Structures are given as C-alpha cells and as structure tokens.
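Presented below is the structure to which this report refers.
The values are calculated or read from the model by the stated rules, or taken from the named source; none is laboratory data. None of the values given here were measured: they were computed from a predicted structure. Here the Cβ positions follow ideal geometry from the backbone for every residue, glycine too, while neighbour counts run over all protein chains shown.
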Amino acid sequence: MDRREFIKGAALGVGVGAIGAMGAYSYSPMRRAFLKDVKRGTADIGVCKAIKITNISETSWFDNGTFMKDVTGAGGLLVDQYTFNWPPFGNGKGIGKGSYADGMKLIKHLLPNKLEEAWQIVRENSVHSENAGGFSCLVEIEAMDGKVTKYLFDTGWNYLWMDTCYKREGIDTMLANNEIAAMIQTHEHMDHYFGLPAVTKYNPNIHIYTPNTFYPNGKQYLKDSGHVGKWTEVPKGLHKIQEGVALYGFDCPIIFKVFGEMSLYCNVKDIGLVSITGCCHQGIILFADTAYKTIAYENDQFYGLYGGLHISPFDDWDPKYDDLVIGLKKWDLQRVGCNHCTGLITAQKFVDAGYPVVKGTARFRSKTTNYLGNGDVIKFPS
C-alpha cells in the first residue's frame, strides 16, 4: 500500500468505526490480501544478549472523553492533526481552525530552550493543552560483548509533561552526556512526536530515525524544534541498526492524516524475538507475521512484546477482538508489556486469557497495574 491508498484505507476505517480507522483491518479477513502465503523468513540481523525497556510515559492523553470531543469537534478521524488547534500549534481560533504555520510562529523563537515560556503561549492558544501527555520509552540493548546501546523511542506530546518525565528517569542527563545513541521516531502522531523540543533542549545533535513518509509539516518540525543532527529516513521494510536489532517500516494509512509507522525487532540470543512498538497501527497480526516471514530469529520463538497494540484504545470493545485475543496464543509469547493504546479492556482480557502480562505499578498517572506503566521497567530475558 502506498500513500495514494491513504484515502481508500482511511475511508475503510471510517466505515468500521473509530477502532477500524486505527488499524483494525489488520485483524480482519481483508489483511489476507497482503499476506496470502506466510513463509518462514531467512534475513539474518544477528543477535544481541539482552534488552531493557524503561517506560518514560505511556499516557498520551489523560481523558478519553475530552480527546474524543476534540476529534468530533474538529471534523473526525480523517482531519489533519495540524489543524485541530491541539498543542503546541494552537493559534487561538478554536477547534478545527488551526495550522502548523500559525501556531509555530508564536513559539518558534523560544524553542527548544525555553519550554515553560513556550508552553504558556500554547496554553493560551490551544485546545485542551492540559489533556496532552505523551508516549516515550528508553530501550537499552546489550550486545554479546556486554556493550549497552541506548535508544530513545518516541518523544511524547506535552513539553512540560515530557520534560518532567525525562528528569524523573534521568533521560535529560543521558541526552546531555551523549549517552543515547539515537532517537527512534516511530510515526508522526502528536502524542508520539510533538514533544520533540523536550529532547532537543538537551541534545540538538542527536541522531533521529523517522519513517520516510513524514508530511512537510512533520519534516519542518524537526528543524523548528532545534534539531541540527543526523536524520535518517527509513523506507518500507527491514533496516538493521546494530547486531540483533532492526527497524521495520510499515506503509499504512493512519488517522489524523498520518502515513507509515516503524517498529523494532530484536533477536535475543537463545531466547527469540522481542518486538517493540509505539502504536502498532499496522496491526499486531501483521506485525507478528511480518517478523515471521522476514527474519530468522532464535528458536523460532516470538518471545516478547512491548508497547501500544492499538486494539481497543478507547475501550469501546468489539466482540470480534475476542477472536484476536485467542488467536495471538499461536505465538506462545513469554513476556508481554502492554500499555498506551492497547486499551484497558484489552489488557484485562489478556490477563484473563492467561497471557504472561508483566504487571506495572500504576504510578505517575498510569491507570492500571495490567499496564507496564509510567516509570516501570521490563527486561528480556527476565
């Protein structure tokens, strides 16, 4: 599927409701058009020794009701996210009447070093700035020789929330000391990307990976946020970044006029595949099947999974997702750290179905211990 298929794919989502628009086609028979014959993959990405993931923030927004009122008020799921008048691009004209250019010209002179001043202007001109949070985590890869490489995985949304979360987990210091090798920006959605100045404040030179499907406003935001370092645009398919670790670019239409998402595949020695995702808009079945048909991983074992799985993010459960919960058992997952857009109902159903869900602590505004929540850590192997 290419960018020209966006309207077709997004229209399909509208036809099946909010959840359909967020990747549900991957859970339906329609996905078979893309995966007619799944054959075992042979791509060798090498192996790593272990993985540690620290959840910095999984709470992208704090109230679903407020968020959905904004969506409805702006015109629905297919409206360009830069026009919502959401932070940080508010222009004071109200819901659905914003623009990147209008909002950015109010704060650009303050970025990235004066986040508090910038956010005060954002508050005055944006819709429900207090509801914005963000998704971000720290991924630490231990190589076979014991060397640890750190990656920042997404940047969140709210400048001040993310800055607070980064300080809580010591990310500010890691960035300033060049301890983080690169930032992996999974996709262009506001709750994963708009918090970028909270990163460039501490390290404007950090190497950033993005999908090669960003729109012009998203590309401009890299510059306007003060980024001056290396920028790698990742195309569709497999992209190895170190031994045992590879990005994979998925071309998929996503709500709010976003296209494409990257996820991370890690091959852990003697353990198997560990997959890390931001939102998994491509769908968890496609995510798992793509790894199987592309990569040769240890023991043929899909061992672990972390991140947002985009099954029922607004907890408006559809009975067909019970089949999905049952169907995932074929992969025999050994450790699952789910959160963010997985959905509270989904997480509970995973627990009820006996999946090895790693429980969290429900701190720092995370809502359930079924989520690997804010400030929590998961390791592979345990």
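Counting only residues that are in a loop (DSSP other than H, G, I, E, B) and crowded, with 19+ Cβ neighbours inside 10 Å, how many does the range 106-142 have? Step through it out loud before you land on a result.
Initial filter on the range 106-142 (in a loop (DSSP other than H, G, I, E, B)): 111-114, 126-128, 133-135.
Going one step further and asking which of them are crowded, with 19+ Cβ neighbours inside 10 Å, we end up with 111-112, 126-128, 133-135.
Here the count works out to 8.
In the range 106-123, how many residues are of a type outside the set (Val, Ile, Thr), closer than 20 Å to LYS223 by Cα and without any contact (Cβ under 8 Å) to a residue 60 or more places away in the chain?
Within the range 106-123, residues that are of a type outside the set (Val, Ile, Thr), closer than 20 Å to LYS223 by Cα and without any contact (Cβ under 8 Å) to a residue 60 or more places away in the chain number 7.
Looking only at the range 247-296, count how many residues are farther than 16 Å from ASN212 by Cα, touching a helix residue (DSSP H, G or I) at 6+ places or on another chain (Cβ under 9 Å), of a type outside the set (Phe, Trp, Tyr) and part of a strand (DSSP E or B).
6
Here's a check for you: in the range 143-174, which residue that is among the aromatic types (Phe, Trp, Tyr) and outside any strand (DSSP E or B) is nearest to LYS114 (Cα to Cα)?
TYR159
Step by step: first the residues of the range 299-340, then only those that are over 18 Å from the mean Cα position of the chain (by Cα) and part of a strand (DSSP E or B), then the one that is surrounded by the most Cβ atoms within 10 Å (Cβ to Cβ). Which residue is that?
Within the range 299-340, the match that is surrounded by the most Cβ atoms within 10 Å (Cβ to Cβ) is TYR303.
How about the range 354-382: which of its residues are without any contact (Cβ under 8 Å) to a residue 40 or more places away in the chain and small (Gly, Ala, Ser)?
GLY354, ALA362 - these are the residues of the range 354-382 that are without any contact (Cβ under 8 Å) to a residue 40 or more places away in the chain and small (Gly, Ala, Ser).
List pairs: first in the range 85-105 and assigned to a helix (DSSP H, G or I), second among the small types (Gly, Ala, Ser) and crowded, with 19+ Cβ neighbours inside 10 Å, Cβ under 6 Å, 6+ apart or cross-chain?
GLY103/GLY90
Which of the residues spanning the range 348-382 are in contact with a helix residue (DSSP H, G or I) (Cβ under 7 Å, 6 or more places away or on another chain), under 20 Å from ILE276 (Cα atoms) and not in a loop (DSSP other than H, G, I, E, B)?
Within the range 348-382, PHE350, VAL357 qualify.
Among the numbered criteria (1) in a loop (DSSP other than H, G, I, E, B); (2) of a type outside the set (Phe, Trp, Tyr); (3) surrounded by 19 or more Cβ atoms within 10 Å (Cβ to Cβ), which single criterion is violated by ASN205?
(3)
Are there any pairs with C-beta distances below 6 angstrom linking a residue in the range 215-232 that is under 14 Å from GLY103 (Cβ atoms) to a residue that is in a helix (DSSP H, G or I) and at pLDDT 95 or above, with the two at least 6 apart or on different chains, and if so which?
Hits for this filter: ASN217/TYR82; ASN217/TYR100; ASP224/MET104; ASP224/LYS108; SER225/PRO197; SER225/THR200.
Give all pairs with beta carbons closer than 9 Å in which a residue from the range 129-144 that is on the phi > 0 side of the Ramachandran plot meets a residue that is at pLDDT 95 or above and assigned to a strand (DSSP E or B); count only pairs at least 6 apart in sequence or on separate chains.
Pairs that qualify, where the first residue is on the phi > 0 side of the Ramachandran plot and the partner is at pLDDT 95 or above and assigned to a strand (DSSP E or B), are GLY134/ILE56; GLY134/SER57; GLY134/TRP61.
Residues in the range 48-59: is at least one free of Cβ contacts under 8 Å to residues at least 60 places away in the same chain and closer than 30 Å to PHE302 by Cα?
no
Checking the conditions here, which among ILE184, ILE171 is surrounded by 18 or more Cβ atoms within 10 Å (Cβ to Cβ), of a type in the set (A, V, I, L, M) and more than 12 Å from the chain's Cα centre (by Cα)?
Going through ILE184, ILE171 in turn, just one is surrounded by 18 or more Cβ atoms within 10 Å (Cβ to Cβ), of a type in the set (A, V, I, L, M) and more than 12 Å from the chain's Cα centre (by Cα): ILE171.
What is the number of the single condition among (1) more than 23 Å from SER57 (Cβ to Cβ); (2) under 15 Å from the mean Cα position of the chain (by Cα) that ALA246 does not meet?
Checking ALA246 against (1) more than 23 Å from SER57 (Cβ to Cβ); (2) under 15 Å from the mean Cα position of the chain (by Cα), the one that fails is (2).
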